[in-house]
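Just so it is clear, none of the values below were taken in a lab; they were calculated from the coordinates. Computed from a predicted model, the values in this text were never measured in an experiment. Counting neighbours? That spans all protein chains shown, and the Cβs are built from the backbone with ideal geometry, glycine included.
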Amino acid sequence: MKAVISSTGLWTPEESITNEELVESFNAYVDIWNSKNSSAISNGKKLELTYSDASFIEKASGVKSRYTISKKSILDPNIMAPRIPKRKNSEPSILAEIGFKAAQNALAKINRNPKDIDAIICACSNLQRGYPAVAVEIQNLLGAQGFAFDMNVACSSATFGIETARCLISGGQAKTVLVINPEICTAHLNFKDRDAHFIFGDVATATLIESDEVCEKEHWEIISSKLITEFSNNIRNNFGFLNHCAPEDDGMIGERGKKGLTDKLFVQNGRSVFKEVVPIVADMIIKECDKNNLQPDNLKRLWLHQANLSMNQLIAKKVLGKTYEKEKTPIVLDEYANTSSAGSIIAFHKYNSDFKNGDIGLICSFGAGYSAGAIFVRKNG
């Protein structure tokens with residue numbers, strides 16, 4: 001029994017923040033902070049904060065804007081964080097709500113009934129609670145049956161989720177599996193950190209994986225997959241349920257602490273990530289191509305994780321050659337920014353309509369862990 005991708009869904013917030021808007025807010029915060037701490041700065045007890053720059057952000061990352069569920073509070077220099085009102089337990093949680101909307105979109109595209117779903121996997125980089133599983137809540141909202149569970153492999157959650165769905169299908173546990181990626185990434189981002197305040201955006205995606213026995217005539221056969229993890233502290237978020245057990249730890253560490261930054265939000269060593277992750281990903285893709293008797297040129301498209309434009313360009317050069325066609329690696333991070341696990345799925349969702357029967361492409365993720373996932377797909381029908 002083969003597993004195929006039958007459909008994908010996308011939910012995008014209504015509001016977006018441009019680099020210029022974000023920088024204006026950040027620089028206003030810098031003025032407020034420096035003024036409030038002027039004496040300590042003069043005495044060398046605190047470091048003076050410096051301005052951000054919109055053109056530098058685009059040059060360094062490729063990001064021009066990002067969607068968000070809470071624009072007003074993020075741009076308020078006295079808040080600089082999403083503000084999401086607390087909901088009653090009887091109300092849908094925010095992650096379940098946006099995941100539900102992405103799932104509805106995926107199902108509606110092929111007129112699939114939620115009752116046909118055997119399993120749901122909520123795979124994302126940040127889950128808003130320990131239990132009950134967000135996936136089970138989405139299952140309830142959809143009116144689906146079977147079973148559901150959450151999983152987290154950071155930016156690789158979607159590809160790891162798809163491979164898990166494939167295993168459930170090949171093992172006979174399910175015939176139809178929804179993999180949902182609700183990513184409210186602005187909630188784990190420190191907007192007071194000049195080195196990172198521009199990186200993330202919010203979104204939700206969904207991918208329907210089915211047995212070839214029940215799928216639509218037009219689908220994407222999963223022909224090969226590869227998952228890799230390798231431990232690294234270069235991308236980290238120390239927020240968790242044990243935080244309250246160490247009340248003396250306010251999350252302030254080293255030089256970052258002097259700047260008022262916390263390790264209970266997203267923290268990374270960007271240069272090390274770039275240097276170490278690119279060869280891991282490129283090598284994984286090349287080896288999997290060789291294993292499946294594919295030449296990299298046989299890949300019509302690489303739907304890569306959308307973290308950094310230069311990173312994607314370098315991976316493409318290593319895999320496809322220095323003169324590769326830019327259309328082979330579509331970019332959505334300029335509009336969406338980094339949406340963690342959802343990025344490669346957005347790219348796949350938006351840029352696959354020109355594929356013909358037999359064409360082969362690659363959905364590829366990489367990120368914290370380190371983790372990397374490769375899903376090779378062939379268009380059928």
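The stretch between LEU242 and ASP116 holds 41.5 nm of extra length on full extension. This uses 0.36 nm per residue minus the Cα-Cα distance.
Considering Cα pairs under 8 angstrom that are at least six residues apart, work out the relative contact order of the stretch 165-251 and quote it in whole percent. This gives 26 percent for the stretch 165-251. Here the relative contact order of the stretch 3-217, from alpha carbon pairs under 8 Å that lie six or more residues apart, stands at 31 percent.
Relative to the present Cα-Cα distance, how much length would full extension add between VAL214 and ASN140 at 0.36 nm per residue of separation? Full extension from VAL214 to ASN140 adds 24.3 nm.
Of the trypsin sites (Lys or Arg not before Pro) found in the stretch 332-381, those that fall in a DSSP loop while having at most 13 other beta-carbon atoms within 10 Å are LYS356. For the stretch 1-106, chymotrypsin sites (Phe, Trp or Tyr not before Pro) are listed when DSSP marks them as loop and at most 15 other Cβ atoms sit within 10 Å of their Cβ; the list is TYR51. Using just its DSSP H runs of length 4 or more, each adding -39500 (n - 2.57), the chain gives a mean residue ellipticity at 222 nm of -10000 deg cm²/dmol after division by all residues. With 24 Å as the limit, the listed pairs LYS287/LYS379; LYS264/LYS350; LYS275/LYS356 have LYS264/LYS350; LYS275/LYS356 beyond it between alpha carbons. Label separation (LYS45 vs PHE147): 5.8 nm, computed from points 7 Å beyond Cα along the C-beta direction.
Take the Cβ atoms of LYS109 and THR229, set R0 to 25 Å, and the FRET efficiency comes out at 0.20. The mean sequence distance of close C-alpha pairs (under 8 Å, at least 6 residues apart), as a share of the length of the chain, puts its relative contact order at 23 percent.
Screening the chain for whole DSSP H helices with an alpha carbon extent of at least 27 angstrom along the helix axis and a mean Kyte-Doolittle hydropathy of at least -1.0 yields 270-291.
For the stretch 188-211, backbone nitrogen atoms closer than 19 Å to the point 7 Å from SER73 Cα along Cα-to-C-beta are found at 188-193, 197-204.
Just flag the trypsin sites (Lys or Arg not before Pro) in the stretch 177-234 sitting in loop per DSSP whose Cβ has no more than 10 other Cβ atoms within 10 Å. Counting only loop positions with at most 10 other Cβ atoms within 10 Å, the trypsin sites (Lys or Arg not before Pro) in the stretch 177-234 are LYS217.
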